[in-house]
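Just so it is clear, none of the values below were taken in a lab; they were calculated from the coordinates. Just so it is clear, the structure is predicted and the values come from calculations on it, not from any experiment. We place every Cβ from the backbone using ideal geometry, glycine too, and count neighbours over all the protein chains shown.
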Protein chains: 2
Amino acid sequence: MYLSKLFVPITKDIPAEAKIKSHQLMLQTGMIKQSSAGIYSWLPLGFKVMKKIENIVREEQNFIGAQEMLMPTIQSAEIWKESGRYEDYGEEMLRIKDRQGREMLYGPTNEELITDVFRSSVKSYKSLPQILYHIQWKFRDEIRPRFGVMRCKEFFMKDAYSFDLTDEDAKKSYNKMFYSYLKTFNRMGLKAIPMAADTGPIGGDLSHEFVILAETGESQIYADKNIFQIDLNEYKFDEASLKKMRNDFTNIYAVTDEKFKKDNFDKFVKKENQMITRGIEVGHIFYFSDKYSEPMNCLIDDKNGKKTSVKMGSYGIGVSRLVGATIEANYNNNVMKWPKSISPFDVVILPSINKNNTENIDKAEKIYKELKKQNIDVLLDDVDENMSNKFKKHDLIGIPFQIIIGSKSKGDELEFKELNSKSEILSLDKIKSKLIT
Amino acid sequence: MYLSKLFVPITKDIPAEAKIKSHQLMLQTGMIKQSSAGIYSWLPLGFKVMKKIENIVREEQNFIGAQEMLMPTIQSAEIWKESGRYEDYGEEMLRIKDRQGREMLYGPTNEELITDVFRSSVKSYKSLPQILYHIQWKFRDEIRPRFGVMRCKEFFMKDAYSFDLTDEDAKKSYNKMFYSYLKTFNRMGLKAIPMAADTGPIGGDLSHEFVILAETGESQIYADKNIFQIDLNEYKFDEASLKKMRNDFTNIYAVTDEKFKKDNFDKFVKKENQMITRGIEVGHIFYFSDKYSEPMNCLIDDKNGKKTSVKMGSYGIGVSRLVGATIEANYNNNVMKWPKSISPFDVVILPSINKNNTENIDKAEKIYKELKKQNIDVLLDDVDENMSNKFKKHDLIGIPFQIIIGSKSKGDELEFKELNSKSEILSLDKIKSKLIT
């Protein structure tokens, strides 16, 4: 893609309400455009990043055997009355009357709807365990939407739901998802900490938040630094290993402020290992057993033919929020560097453009074609502006690798730069192998 | 995937309101489940088909240089007041008041919102032409939703928008999209006819519907059979060739009932070539020039620095509707056969299961692993039921190829069947090469 053709409305005007760096950066680099309070359009650059995150989430959900489906955004109020949450949910739920006066709502979460799908489909323990998920737009009518995509009204979320016969089996599903979440965030270059958390309006008594460290985070967090020493690669995807994994994590103190008790913190964590900082929630998992299946009559025949309420958990990842969260975690000293796995492009070519001499741009186009052949997703910045402006702009766009076609690039030896590092002179073949691995 | 693990709630109870075969089949094979009137959940089997259609649409949009983005589902009423359509649109528009009393709506289409994005981003003719598209859920509050996903309330649609400096340039964008649509439908195994059409609430004076033939179609169509003789492969993706392509198509009589005039039909089409039948609309393209850009003040500087309203067109494909439309076009004599490109699985293995002898199921599992290694997406039907029921079930699920592990499969020679054809005995290697090509 040539930058002059790409729809990236870069702007210097940052509205005053953009208070945190991810919100500012996403507006500056034309990743998003606000359409109304707390509601955004995702322009091509932002859309590409979100799509890559979505695909990593999908792959890791599929890996643990979860099956993808898709529930609608508009739900009937009826099922929420069955579960008892219709009145509880408050004004954050966007309530709608259709033309025939039926009470509808824009789903803020899907426990009721998936329970309704499940109860009419599955009758026997033989079909369990099951994990179903979808990646769909949700809506919460925030009274004060802010922080860009971090706390907006319409947001993109992966939510999964597990169904088991017994509480014991259900914990195995919970562990699978716990593992999947850590793997998902690792692949995005994020170090997420699982933390014991309150369950809020979802319910149940077992719950973990996955939190990444960032000064601008909304939650205060308290943790033992040793939690960073656990290496996920040491666990296998089997029942015993996953059980050990969750024990290893949860034996180390890590809580959000809701669960914080100073006495416990001092008792269980050595002074020098005490970490008190802020974090951003990027995922949240819940085990709530029969909280929905019981009132909604979602029954399963057990081995003896006896009907029992299916045991359920739910598991959310904020896909659109992760775009902002990744920026909060990676944007420092006026340089944003996207993790390779979710960068909008693999590499950008920056030719120094001279109206009277097309040598650099010709060379850039030749390299562009070469890289394209290797299926490398390359951006060519063909915009006619001086190099210093170009560098500043790309410090914000954040593609992690640059090929600079100026005085230092001679013949086949090219100036290659990784953001936040010094540039080096490399052959195109060496550059290709760096980009592909 | 093993069928016993796949979430496919197959049912024999077809509700009386399912009147057309696609609606019946989708409910029977657990592709969808109704959540409320005209609103559906897409279960794994249906979801997979829709996703494959979405990807073909995406690839063909990208091929012509359209850029993907994503606009939200909930829009502000303000921009619809600017364009003048807020009052016009009638009760089909789902109108919403948020908690602060602001007038919002669930987008039935996106001309206003994309014009708003564009006017704040692009100022100069130098950035033109541009084509932007998104694939997003839409809502139309149908008074009588029916025919399953064919005429439902919440539907998945690709809509693209072109921006050009002049009417002449805009026609070139129109031709690109015309070509892209025909290619898209061809890849799904559908023969779509472009037909001169009325523009309705979108506006403008140039418009084509893309219609596939099906007895259950909602529109009466009148066409010259010669339209099927045009071979899309004869055109190249360049301006002159695309212009010729559109001329070649539009010089042959083909209209929906809104545009039908008997005199013209008889004048321009020989009696023996007159085709009068029914069809399903799967795509619709519009050129409406400055209908939205003028009232919404979406201005571009031309070469002389003079401000002019940008010239726009819009282009829709009903992605969720195409799942139903493909069934209407392909489901005959109680056999549904999915086109290879959008089938939920590439092949299904059907072992004859004997509780006292695991030979067949063991063999099936071995073949399953072999095919998986080649990245063939295979379903193994491990459900314990007799073969006659299995065949009936798979006549509906519609995976085009079957490997039958029963008495006719001996050693490495396997019974292989393409739906609607006789089975043959083939080696696994031959089967693989059939599936991969």
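Rg/Rh for the stretch A:345-436 (Cα atoms only, Rh after Kirkwood) is 0.92. Tally the DSSP beta bridges in the stretch A:345-436 and give the antiparallel ones as a percent, rounded to 5. In the stretch A:345-436, DSSP labels about 60 percent of beta bridges as antiparallel. Note on the stretch A:24-171: with charges restricted to the Cβ of Lys and Arg (+1) and Asp and Glu (-1), its dipole about the Cα centre is near 740 debye. Computing FRET efficiency as 1/(1 + (r/R0)^6) for A:ASN332 and B:LYS410, where r is the C-beta to C-beta distance and R0 is 51 Å, gives about 0.15. Computed over the stretch B:145-201, the P(r) tail beyond 15 angstrom holds 69 percent of alpha carbon pairs. Taking θ as phi - 60° and the Karplus parameters 6.51, -1.76 and 1.60, the scalar couplings of the stretch A:101-111 work out to x, 6, 7, 10, 7, 8, x, x, 6, 10, 4 Hz in sequence order, x denoting glycine and proline. Sorting A:LYS311, A:LYS422 from the fewest to the most surrounding beta carbons within 10 angstrom yields A:LYS422, A:LYS311.
Can you tally the net charge around B:HIS208? Count Lys and Arg as +1, Asp and Glu as -1, for every other residue whose Cβ sits under 14 Å from the Cβ of B:HIS208.
So the environment of B:HIS208 carries a net charge of -2.
Rounded to 0.05, the FRET efficiency of the B:ASN233 and A:ASP362 pair, given R0 = 41 Å and the Cβ-Cβ distance, is 0.75. Between the helical axis of A:239-250 and the dominant principal axis of chain A, each derived from Cα atoms, what acute angle in degrees is found, rounded to the nearest 10? Helix A:239-250 and the main axis of chain A meet at about 80 degrees.
Dipole magnitude for the stretch A:345-436: computed about the Cα centre from +1 point charges on Lys and Arg Cβ and -1 point charges on Asp and Glu Cβ, it is near 120 debye.
Per-residue shielding of B:120-128, expressed as the average number of other chain Cβ atoms within 10 Å of the residue Cβ, stands at 2. Across peptide A:142-148, the average count of Cβ atoms from other chains found within 10 Å of a residue's Cβ is 1. Considering all different alpha carbon pairs of the stretch B:282-364, the Kirkwood hydrodynamic radius works out to 18.5 Å. How much net charge surrounds B:ASP164 when only other residues with a Cβ under 10 Å from its Cβ are counted (Lys, Arg +1; Asp, Glu -1)? That works out to 0. In chain A, the longest principal axis of the Cα atoms and the axis of helix A:44-63 are about 50 degrees apart.
Where both bridge residues fall in the protein assembly as shown, DSSP classifies roughly 85% of the beta bridges as antiparallel. Diffusion of the stretch B:160-260 by Stokes-Einstein, at 20 °C in a medium of 1.002 mPa s and with Rh set to the Kirkwood radius over alpha-carbon pairs, works out to 148 µm²/s. Counting every C-alpha pair in the stretch A:98-187, the share spaced more than 20 angstrom apart comes to 54%. Across the stretch B:1-53, Cα-Cα distances exceeding 18 Å account for 30% of all pairs. With each label modelled as a point 7 angstrom along the Cα→C-beta vector, the A:LYS19-B:SER423 pair spans 6.9 nm. Taking one quarter of the surface of the convex hull spanned by the alpha-carbon atoms of chain B gives a direction-averaged projected area of 25.0 nm². Dimensions of the stretch B:233-330 from C-alpha coordinates, computed as largest minus smallest value along each principal axis and given longest first, are 56, 35, 31 Å.
Estimated from the Cβ-Cβ distance and a Förster radius of 30 angstrom, the FRET efficiency linking B:GLU103 and B:LYS123 is about 0.50. According to the calculation over all Cα-Cα pairs in the protein assembly as shown, the P(r) per 10 Å bin from zero is 2, 11, 20, 24, 22, 14, 6, 1, 0, 0 %.
Between the helical axis of B:359-373 and the longest alpha-carbon principal axis of chain B there is an angle of about 30 degrees. For B:ASP231, A:ASP362, B:ASP377, the sequence from fewest to most other C-beta atoms within 10 Å is B:ASP231, A:ASP362, B:ASP377.
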